[in-house]
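K.L.:
My questions all concern the structure below.
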Amino acid sequence: MRALAFWKTVTVDRTDFLDRLIALLTDHSIRYCVVGGQAVNAYGEPVVSLDLDLAIAVDQLAQVETLLRQVFRVERFPHSLNVSASGSDLRVQIQTDPRYAAFVDHATLRDLLGLRLPVARLEDVLKGKVWAVMDASRRPSKRQKDLADIARLVEVSPSLRQQLPDEVLTKLV
């Protein structure tokens, strides 16, 4: 089974939510990139997830929210827009935290989920994961997953270890 078919099966994406979302962003020339766990998958051994985290160019966030609300279900949270569609278990989270905005400008096209998508550069993916691990308001189970993602990134590129704060280094095995 090809990667995209596998992921659509795992996310029970019977309505082509992923394809429709990517088409909407592309058709409206929205600058974006994949961040979070799927970005880690683009660099290392993939781990199955129902989540897709995106960063959008800050000057296009309002436009994106308007466009998404016309087609999908959108919930606003303090640092994200959560986007979903009937007929799919795929969970898309668009980061509205301004720290992610610069990631878009440095993104490169990579193979991910059987598609060529703009993915944040490796160092930026690591930064996002460090922010997540150090965010005490996140659930402990989420922070553990983020720590595992950091370990996966360091396995791919051991030199990244030097960029980790001591607080994170002590948690890595």
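K.L.:
Among W131, W7, which comes first, then next, by fewest other beta-carbon atoms within 10 Å?
P.N.:
Ascending Cβ contact count within 10 Å gives the list W131, W7.
K.L.:
Determine which lysines satisfy two conditions relative to K145: a Cα distance under 16 Å, and not lying fewer than 8 residues away in the same chain.
P.N.:
The qualifying lysines are K127, K129, K171.
K.L.:
What are the ³J(HN,Hα) couplings of the stretch 79-89, residue after residue, when phi is run through the Karplus curve with 6.51, -1.76, 1.60 and θ = phi - 60°? Round to Hz, x for glycine and proline.
P.N.:
Listing the rounded values in order: 10, 7, 10, 9, 10, 8, 8, 4, x, 8, 8 Hz.
K.L.:
Moving on. Taking +1 at the Cβ of each Lys and Arg and -1 at the Cβ of each Asp and Glu, which of L18, I56, L117 sits farthest along the dipole of the stretch 3-169 towards its positive end, judged by Cα position relative to the Cα centre?
P.N.:
Projecting each Cα onto the dipole axis, the largest value belongs to L18.
K.L.:
Output the antiparallel fraction of DSSP beta bridges having both residues in the chain, as a percent to the nearest 5.
P.N.:
For the chain, the DSSP antiparallel bridge percentage is about 75.
K.L.:
With the contact rule set at Cα under 8 Å and sequence spacing of 6 or more, what percent relative contact order holds for the chain?
P.N.:
23 percent
K.L.:
Taking semi-axes √(5λ) of the Cα gyration tensor in Å straight from the coordinates, which label in (i) 24, 21, 14; (ii) 26, 18, 15; (iii) 30, 19, 15 is the correct one?
P.N.:
(ii)
Only the coordinates and a few stated rules stand behind these numbers; no lab work does. The structure displayed is predicted, hence computed values, not measured ones. Note that we place each Cβ from the backbone using ideal geometry, even for glycine, and neighbour counts take in every protein chain shown.
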